[in-house]
Amino acid sequence: MTIATTSTDRRWLTDPVESGPAAGFGVYLHVPFCHHRCGYCDFATAAVGDRAADDLDVLFRRYVAALTADLGRQVAAGRRVWAAAAGDVDDAWPWVTSVFVGGGTPSLLPADLLASIVAAVGQELDIASGAEVTVECNPEDGSEELFSTLAAAGVTRVSMGAQSFSPHVLTTLERGHTARRPLEAVLQARAGGIDAVSLDLIFGTPGESDTDWRDTLAQVLAAETDHVSAYALTIHDNTAFGRAVSSGRMPAPDDDVQRNRFEVVGELLGAAGFDHYELSNWALGAARRSVHNLLYWRHGDYLGVGVGAHGHASGRRWWSTRSTERYLDAVEAGASPIAGEEVLDDTQRAQERLLLGLRVREGLHPADLPPIDPLALEDALGVGLVEIACGRLRATRSGWFLLDDAVARLS
Ligand SMILES: C[S@@+](CC[C@H](N)C(=O)[O-])C[C@H]1O[C@@H](n2cnc3c(N)ncnc32)[C@H](O)[C@@H]1O
Ligand code: SF4
């Protein structure tokens, strides 16, 4: 299909393909522990807040040893596959362009142990100069000491779940920090030597008013962070919120309210100079976009290490068990903790690339697009789901809410 039509557009066609290996290479490492499991969350994690400190220390050290061994196993297995394909072991691995230690709550681990996870990646793989190294932290764990230990270990970015600055919304969300705490933690991160700080927010929580949301955004702007992720509250069946909604004890989030909150966040962050570069993400300038998440959206390759972690390489996806006990038993016995894998066929890869690429404001370069029936494209353009800008295909702002529909029409 050809979508470039003007001479200005044509310059985009000289850009290289951005997906696959061209998108970079990442490593995700998962820490499956939290102080408390928030009622809305269905990530692979468990509450350990009420366990004795000594038990926790043993558990955490055991887990990090297993995580390191699993990383080594995945790298060794990958080297064999890549060497067979490339015929040269030394050239068989790309340099790591992003590392993301996520959870769960990585900041629940002692600082030295958390730093050792990042060091393990550097021991196994070559990390490119200027690579983004992110650690997820809960605001209540923040301290200048923690952040300076992480900075010394090579961490360049912190992602923190503030969720809301409204005390009653934080109570509903079962958060263990005060409304002020994220602001203090941002200052501590900067004082500890980490400049890039992202705040996660949730909007549309039952009981949250329009004023609560506007106040939350005002506080975010006062914190002077350079990146914001704002998510509509999603109700998952297998969570406390899911059970409360299905039994009528909690109202389901209202679609119109969520849409309105989404528009407000776009308006206020946009007015403050933030670039709305992905459906749920805003950055103060291109340099502050999340390199690791862009890798996912560009359908790049990454290792997924730890409980419930997913990896992807050239259309093959694999994931580890979501049970920490089974994960530890498998790795300690020298076995693989992988619980499943799938190989996407060309059609599935093209659909996934389209779905992920349309999430990003820049859309897709023509070289990354699967063949699209011109009539289907005309239809999707006609109903306003997608548009062509600078020779690239992207979702319109209203199409962002109907991505499945857009992909179905174009596939
Ligand atoms: C891996 S989680 C949490 C990181 C960290 N443990 C924290 O809570 O600060 C990443 C983010 O996903 C978002 N999130 C998790 N569950 C969600 C849900 N059900 N609806 C909307 N956002 C959700 C929250 O904003 C959260 O901070
Ligand atoms: S939102 Fe964060 S702190 Fe809460 S349960 Fe999920 S991972 Fe843990």
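The values are calculated or read from the model by the stated rules, or taken from the named source; none is laboratory data. Everything numeric in this text was worked out from a predicted model, so none of it was measured. Note that we place each Cβ from the backbone using ideal geometry, even for glycine, and neighbour counts take in every protein chain shown. These area figures cover heavy atoms from the full protein model, side chains too; ligands, DNA and RNA do not enter into them. Shrake-Rupley method; radii C 1.70, N 1.55, O 1.52, S 1.80 Å.
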Per-residue ellipticity at 222 nm attributable to helices in the chain (runs of n ≥ 4 DSSP H, -39500 (n - 2.57) apiece, nearest 500 deg cm²/dmol) works out to -12000 deg cm²/dmol
Any residue on another chain or 5+ positions along whose placed amide H is under 5 Å from the amide H of residue 275 is listed here as 283, 284, 285
Here the relative contact order (percent) of the chain, from C-alpha pairs under 8 Å and at least 6 apart, is 19 percent
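How high is the FRET efficiency from residue 224 to residue 333, r the C-beta distance, R0 45 Å, rounded to 0.05? Intermediate results must be reported in sequence, preceding the final value.
Working: r = 48 Å, r/R0 = 1.08.
E between residue 224 and residue 333, to the nearest 0.05, is 0.40.
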The chain accessible area per residue, 1.4 Å probe, protein heavy atoms, integer Å², reads 44 Å²
The ³J(HN,Hα) series, computed from each phi in region 355-363 with the Karplus coefficients 6.51, -1.76 and 1.60 at θ = phi - 60°, rounded to the nearest Hz and given as x for glycine or proline, is 4, 5, x, 6, 5, 8, 4, 6, x
Whole-Hz Karplus couplings 3J(HN,Hα) for region 126-137, θ = phi - 60° and coefficients 6.51, -1.76, 1.60, Gly and Pro as x, run 7, 9, 5, 5, x, 4, 8, 10, 9, 10, 7, 10
For region 289-411, averaging the sequence separation of alpha carbon pairs under 8 Å that lie six or more residues apart and dividing by its residue count, the contact order in percent is 18 percent
A correct Stokes-Einstein calculation for the chain, using the alpha-carbon Kirkwood radius, 25 °C and 0.890 mPa s, returns a whole-number D in µm² s⁻¹ of 109 µm²/s
Share of accessible surface on carbon and sulfur in the chain, whole %, 1.4 Å probe and ligands ignored, is 52 percent
